1. Can you flag which of 72/134; 41/107; 31/93; 41/93; 72/107; 93/134 are past 29 Å Cα-Cα?
2. Can you give the net charge of the other residues whose Cβ lies under 10 Å from the Cβ of residue 42, counting K and R as +1 and D and E as -1?
3. Quick one: Cα centre-to-centre distance for segment 35-49 and segment 61-87, in angstrom?
4. First select every other residue whose beta carbon is under 13 angstrom from the beta carbon of residue 105; then total the charges, Lys and Arg +1, Asp and Glu -1.
5. Give me the net charge of residue 58's neighbourhood, meaning all other residues with Cβ under 10 Å from the Cβ of residue 58; Lys, Arg count +1, Asp, Glu -1.
6. Could you list which residues have their amide H under 5 Å from that of residue 34, counting only those 5 or more apart in sequence or on another chain, with H placed in the peptide plane?
7. Taking 0.36 nm per residue of separation and subtracting the Cα-Cα distance, what length does fully extending residue 90 through residue 139 add?
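Coordinate-derived values only; no laboratory data. Predicted, not measured: the structure shown is a model, and the values here were computed from it. We place every Cβ from the backbone using ideal geometry, glycine too, and count neighbours over all the protein chains shown.
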Amino acid sequence: MYMGIIEGTFPPRYRREVKYRNAFVGWRCKKCGRVFYTPRKRCECGSREIEEIELPREGRVVTRTVVRNPPKGYEKYAPYAIAIIELDVDGQKVRVLGQLADVDLDKIRTGMRVRATLRRIRAGRRGLIEYGVKRVPIEE
Ligand SMILES: [Zn+2]
C-alpha cells in the first residue's frame, strides 16, 4: 500500500497526481529484463543498468488478510483487507501489496481481478486529506 502524509507547497491536485504516479513506478534491468517493485542499484545478473518503468494498474489477488486492529488514525476504516496482488509486466509476474476497497470482505478470492484507483485514505492533521492507491474489484 502506498501511503503517507501529503504535505508541502504544491496545490492539492498536483500532489495527488504525483502520488498516484509514484504508486505505479517499478524498475527493470536493462540487461536481463527482470522487474522489481522496489528500487535497487544492482540486479541479480550483476547489471547496474536499471530503468524506471510504469507498472500496470490491473492485477490479480494472490492472498489477502483482513485488518481488524489498524494503526492509529485508521480505526474507523477497519475492518479492511490488505492483499498481495500479482501484476503481469510483459509476461513477468510482479507482486505488490495493496489495500482493497469496495469489496465484500467475505467474497475476496484468489485470482480475483482488481484495478488500482486513487482514494482518500483519511483526513490528516490540519484537515489535510491523505490519498493513496486502493484496489477495487473488476466486474467480470
Ligand atoms: Zn539483470
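1. Numbers: 72/134 19 Å; 41/107 40 Å; 31/93 18 Å; 41/93 20 Å; 72/107 27 Å; 93/134 20 Å.
In this structure, 41/107 lie more than 29 Å apart at Cα.
2. Numbers: positive: 40, 41, 48; negative: 44, 49.
Its environment carries a net charge of +1.
3. 29 Å
4. Details: positive: 64, 68, 107, 109; negative: 102, 104, 106.
Charge balance in the 13 Å sphere: +1.
5. Working: positive: 57, 60, 113, 115, 135; negative: 88.
Cβ neighbours under 10 Å give a net charge of +4.
6. For residue 34, whose amide H was placed from the backbone, the distant partners under 5 Å are 29.
7. Values: separation 49, 0.36 × 49 = 17.64 nm, distance 2.31 nm.
Extra length from residue 90 to residue 139 when fully extended: 15.3 nm.
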